[in-house]
Amino acid sequence: MLLSRLNEILTQRQLTALFQPIIDMRRGAIVGYEGLIRGPSDSPLHSPMNLFKVARANNLSVEVEHMCRRIVLERFAELGLPGKLFLNVSPEMLLLPHARHGETLSYIDELGINPDKVIIELTENQPTYDYDLLREAVMHYRGMGFEIAIDDLGEGFSSLRLWSELRPEYVKIDMHFVQGINQDPVKLQFVRSIQEIAQESGSITIAEGIETQAELLLLRDLGIAYGQGYHIARPNPHPGAEVPNEVASALHRNGVAVYPHKGAFEYNVVTAAKLLRPIPTASPEMTNTEVYEMFNAASDLQTVPVVQNGVPVGLIMRANLIDRFARLFSRDVYGKKPCATFMDPYPLIVDRNTSLQELSRMMVEADHHHLSNGFIITDEGRYIGMGTGQDLMREITQMQINAARYANPLTLLPGNVPINEHIDRLLQNGVRFYACYADLDHFKPFNDVYGYRKGDDVIQLTGRILADHCDPNRDFIGHIGGDDFIILFQSEDWEERCRRMLESFGIAVGDHYSPTDRDRGGYVGEDRRGHKVFHPLISLSLGVVRVEPGNFLSHHRIAAAAADAKKQAKKIPGNALFIERRQGLGLEA
């Protein structure tokens, strides 16, 4: 049934060409179109996936692919579309014996299309192994004046190898890494790496599957040259020759995209292997006296793992064994007995790939003696060494310090390093923006009276309110530390957003007080001298400074100017906004 339908499609040329625009992300102009194909709308062979699947099953792949190319080329010429045509070609077609390499060239000559307007886009449907033959075929196409693109980089069976072997003029990044890139720091890093490789290899990158403006602008900021996707335009038998106004306006708008940030500990993917110490082992058959001599020979040896056939079965602690031997007649009684007599048969055992966060959680939940005894580290169940509780605490502490520079662990908002990086990107791109310093008034006495847990709740509340009133695609919010935040506005309605923040905070903060304190507008506490002092409810102060291109030289000067504006805001009673109207504040050395 499907074979007869396929033959009917071929004989009657029942295929329709569609074209999806590819745009220059800097100029906001169409540079070409990808030619796509569809079968009859009322047929199970409407989708190209089904069409080529049936063709392969019936040894008709060559006929179907050549028919698709002809129809796409004919329609491209008929429409007189501007720019280049990206023509899909499967690599396996180029590798077939007696492949008709010249057929495409002769046909475009008939249609009056210049070969330099056609990009041969290699689209993988199955693995490609004969790279030497493929490279030869590609060189043949280049010799005829065609350029080469590889499709779905990161998705295909061997796309990275293809890139290395063929050195294409264009590289298309698979839509998996494009969609949601504005919310996924791993996808961002992948695409950033691809762009860096492309620059070194002389390839032009094309992002496929762009579906939102946020994705579009972030990819532009990463330096991706070209883009295509539903946000720009869907495949159409009669495509437009101009970029939609909404897309063009967004690309021409002066601004930078907000990069997604990692959580507090995602910058510190450290495992138990970092804590590994090679410690000599004992077998279960060794005597207690032999283990005692091991401790005597090494004064800094505190534990000896007991290992059988490479697998840890217990742990002997120096203090425990020496204490036992110190007892009257104990050494005579137990000295020749197996060391398993005095071992802890339930030591804490972790794989070398266990993250330090998970290891810390295991240590907290386990019996307290494991903190002093340490833990055994294995590789696929076999002993490789030990780690100590002291080393774990030291490493976790350092990780917390490092993590706080990137993301605040209380609010999970970006910390000082991403804040400064975003400011630098704004400055380098000559973007006008507004730096807003947010600080809580009367927070310390609240912390003293209501406790640190309540204080943390208010800080988290503040972070949520500030974030809720920002445009996540244009405004960057960071947590400097404590009750200090900074917002870098690119939104045109930034002032209205600030006023809504103050209003929302004023309503919400009262829920964190007792009804009595809330009703009377404050509470009584003691100052440093022990005197009773009435403290008003916490309020929010926002100090804003406008940053014009060229009037600030560094993020340091911007931070200082915003902090000064915040000090002025704090002089105003209650929830307050102060806007610094003066200019040129950041030019002095």
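The values are calculated or read from the model by the stated rules, or taken from the named source; none is laboratory data. Since this is a predicted model, take the numbers as computed values, not measurements. Ideal geometry is used to build each Cβ from the backbone, glycine not excepted, and the neighbour counts take in all protein chains shown. All accessible areas refer to the heavy atoms of the entire protein, side chains included, with ligands and DNA or RNA removed. Shrake-Rupley method; radii C 1.70, N 1.55, O 1.52, S 1.80 Å.
The table that follows gives values for the structure above.
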| item | result |
| --- | --- |
| Compactness of segment 1-149 as Cα Rg over 2.2 N^0.38 Å, two decimals | 1.06 |
| Only Lys, Arg (+1) and Asp, Glu (-1) charged, at Cβ; the chain dipole about Cα centre in debye | 1400 |
| Simple spin-label estimate for Ala298 and Ala57 in nanometres, 7 Å along Cα-Cβ | 6.5 |
| Cα-based Rg of the chain normalised by 2.2 N^0.38 Å, two decimals | 1.36 |
| Förster radius 35 Å - calculated FRET efficiency between Asp116 and Met49, Cβ distance, rounded to 0.05 | 0.70 |
| Simple label model, 7 Å out from Cα along Cβ direction - Ala326 to Ser193, nm | 5.5 |
| Hits among lysines - C-alpha to C-alpha of Lys337 under 23 Å, sequence gap 8 or more where chains match | none |
| Too-long pairs where the Cα-Cα distance tops 24 Å, listed order kept, from Lys454/Lys570; Lys444/Lys532; Lys53/Lys84; Lys187/Lys274; Lys53/Lys187 | Lys53/Lys84; Lys187/Lys274; Lys53/Lys187 |
| Sparsely packed GluC sites (Glu not before Pro) within segment 364-447, loop by DSSP, other Cβ within 10 Å at most 14 | Glu380 |
| Helix-derived mean residue ellipticity, 222 nm - over the chain, DSSP H n ≥ 4, -39500 (n - 2.57), to 500 | -12500 deg cm²/dmol |
| Full-extension gain in nm, Arg453 to Val333, via 0.36 nm per residue minus C-alpha separation | 37.7 nm |
| GluC sites (Glu not before Pro) restricted to segment 231-317 and DSSP loop, no more than 15 other C-beta within 10 Å | Glu242, Glu266, Glu285 |
| The chain: relative contact order as a whole-number percent, Cα under 8 Å and 6+ apart | 9 |
| Rg and Dmax of segment 340-414, Cα atoms only, in Å | 14.7, 53 |
| Per residue accessible area in Å² of the chain, where ligands, DNA and RNA are left out and the probe is 1.4 Å | 48 |
| Residues of segment 457-472 with amide N under 18 Å of a point placed 7 Å along Cα→Cβ from Leu412 | 457-470, 472 |
| Equivalent-ellipsoid semi-axes of segment 363-484, from the Cα gyration tensor, Å, largest first | 38, 23, 11 |
| Share, in percent, of DSSP beta bridges within the chain that are antiparallel, nearest 5 | 60 |
| Sparse-neighbourhood loop sites, trypsin sites (Lys or Arg not before Pro) in segment 319-421 - DSSP loop, at most 11 other Cβ within 10 angstrom | Arg327, Lys336 |
| Full-stretch length increase - Arg529, Gln428 - with 0.36 nm per residue and alpha-carbon distance subtracted | 31.4 nm |
| Portion, in percent, of the accessible area of the chain that falls on carbon or sulfur, probe 1.4 Å | 51 |
| Theoretical gain in end-to-end length, Thr516 to Gln308 [0.36 nm per residue, Cα-Cα removed] | 68.2 nm |
| Radius, Kirkwood style, for segment 416-541 when every pair of distinct Cα atoms is counted (Å) | 15.9 |
